[in-house]
Amino acid sequence: MSITPPQTHLLAYPFPTSGHVIPLIDLTKNIVSRNIHVTILLTPSTQHLVPTNYSPLLQTLLLPQPQFENGLIGIISSIRKSHYPILLDWARTHPSPPSAIISDFFIGWAQLLAQELHIPRLVFSPSGAFSLSFSFSLWRNLPQNDNPDDPDSVVCFSNLPNSPIYPWRQISELFRKLRGETDWKILKDDFLFNFDAWGVVFNSFIDLEPAYFDHIKKELGRERVWAVGPVLPLEPGSTEPENRGGASTISCDVITTWLDQLDDCSVIYVCFGSRTILTPAQMEVLTSALELSGVNFILSVRTPDERHVAQNCGKIPSGFIERVRGRGLVIEGWAPQLVILSHRAVGSFLTHCGWNSVLEGLVSGAVMLTWPMGADQYTNAKLLVDQLGVAIRVAEGEEKVPEISELAEIMKGCLGRLKERVRAEEMKDAALGAIKKNGSSQKQLDALVKELNELKND
């Protein structure tokens, strides 16, 4: 009688915000489909993102909710302090101990946990290879600003492919303003742990940013770098895109029925992700431009919660919804973005350039209008506009906001047969080709799973 060999068991540890949890969940579903047991670590605020009874091979472990005070550094410190001892005990006593850990790049300290458990750790990057290359260079080389009083003073990252140049104001605020302080060192050390990882997995695909995958391998000094994206639920007939991430205030049926009445490539979709709240000035320019342009649109905006009520938050102007009724749909809160972008009527996407939105825009073939706000978004916008040619730069944070009339003209013009649309359609084919059977990302995922299974047999 043959004995089934022990199953490979992967511990998946996302950073506890939706933009980081969702792509790692999507990845684990692909890994589970290849007969690997995955336990994904969640907190009370993220546990709703995993479908119940998805597969017996996909399990969850609920960990204490981190403290969200003091921003990113506070979350990193909180989860390290509270989660580390729990995970150490759990892994040592579990009947099927983990063979490896894959954790978000913001959870670099998981490298120490992996070392204590004598198992390899993989980094999961929910951002692209260009963005991670930039972050590696930032925290490893610690560039200086020769003129710190000038936010437009430029820094050149000449060690990166294409030698990108950034104004100082686009460098991470945490890097710029906390330098030398205890919190800054916590963040620096946490990120540098990623250099010691056994391998890196990207939610990206080789043809999207090949030079940066080569650069990452050179920086790490190893070949264990896998591009397995876009890890999106794109199967025909799947209902996953409708429910992915949360419930919308407007049902998918209402949205698609409205879109069905409109011509191909006649709608602009506007969304700034799950975390960005526009300032009053930004909201005024955006809504006024939408109104002036006369284009059909869907506008999804995050509404302020109790943590933002005292801050400078933009709101939908009084009377705006009534004035654009018939050609504009406003969603206050979460939107079924993948459903919207995949509709034939949507031709352009005004985006903050978060990586999840970038990938969803690419697989839709929409022309993107870039308005990055922070984090990796400036780098992603550079990739889209300057290197891929699929997007048009329209604004940057609060510093570079166009005139209302200028933005309205861009909105009117972006729905035509532009050179950016031709490139966007080419990149759509490349993205979908990467994840089809025998595509580059499927082959990379198979190679990753093979290496994970070999770990268990060592």
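The values are calculated or read from the model by the stated rules, or taken from the named source; none is laboratory data. The structure displayed is predicted, hence computed values, not measured ones. Virtual Cβ from ideal backbone geometry, glycine too; neighbours counted across all protein chains shown. All accessible areas refer to the heavy atoms of the entire protein, side chains included, with ligands and DNA or RNA removed. Shrake-Rupley method; radii C 1.70, N 1.55, O 1.52, S 1.80 Å.
Computed values, structure above
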quantity: Tail weight of P(r) past 20 Å, computed on alpha-carbon pairs of segment 62-170, percent; calculated: 57 percent
quantity: Antiparallel bridges, percent of DSSP beta bridges restricted to segment 325-458 (to nearest 5); calculated: 10 percent
quantity: Rounded Å value of the spacing that divides the Cα centres of segment 139-182 and segment 250-298; calculated: 34 Å
quantity: Mean shadow area of segment 316-457, taken as a quarter of the surface of its Cα convex hull (nm²); calculated: 11.5 nm²
quantity: Listed pairs K29/K436; K185/K218; K81/K188 exceeding 20 Å between Cα atoms; calculated: K185/K218
quantity: Contact order relative to length of the chain, as percent, for alpha carbon pairs under 8 angstrom and 6 or more apart; calculated: 14 percent
quantity: DSSP beta bridges in the chain [antiparallel fraction, %, rounded to 5]; calculated: 10 percent
quantity: For segment 357-373 versus segment 17-75, the gap between their alpha-carbon centres in whole angstrom; calculated: 25 Å
quantity: Solvent exposure ordering (accessible area, 1.4 Å, most first) of V367, V339; calculated: V339, V367
quantity: Protein accessible area in the chain, 1.4 Å probe - carbon and sulfur %; calculated: 50 percent
quantity: Rounded Å value of the spacing that divides the Cα centres of segment 324-349 and segment 420-438; calculated: 22 Å
quantity: Per residue accessible area in Å² of segment 9-122, where ligands, DNA and RNA are left out and the probe is 1.4 Å; calculated: 38 Å²
quantity: For the chain, alpha-carbon Rg over 2.2 N^0.38 Å; calculated: 0.97
quantity: Antiparallel DSSP beta bridges within segment 27-177, as percent of all bridges there, nearest 5; calculated: 25 percent
quantity: Calculated FRET efficiency for the pair W184/C156, C-beta based, R₀ 25 Å, to 0.05; calculated: 0.65
quantity: Ordering of 212-221, 144-153 by burial proxy (mean other Cβ atoms within 10 Å per residue, highest first); calculated: 212-221, 144-153
quantity: Cβ crowding within 10 Å averaged over residues, with 42-54, 352-364 ranked highest first; calculated: 352-364, 42-54
quantity: Enclosed volume per residue, in Å³, of the convex hull spanned by Cα atoms of segment 17-120; calculated: 101 Å³
quantity: Mean ellipticity per residue at 222 nm, deg cm²/dmol - from DSSP H runs of n ≥ 4 across the chain, formula -39500 (n - 2.57); calculated: -12000 deg cm²/dmol
quantity: Estimated distance in nm for a label pair at E399 and E332, the labels positioned 7 Å out from Cα along Cα-to-Cβ; calculated: 3.2 nm
quantity: Solvent exposure ordering (accessible area, 1.4 Å, most first) of V270, V154; calculated: V154, V270
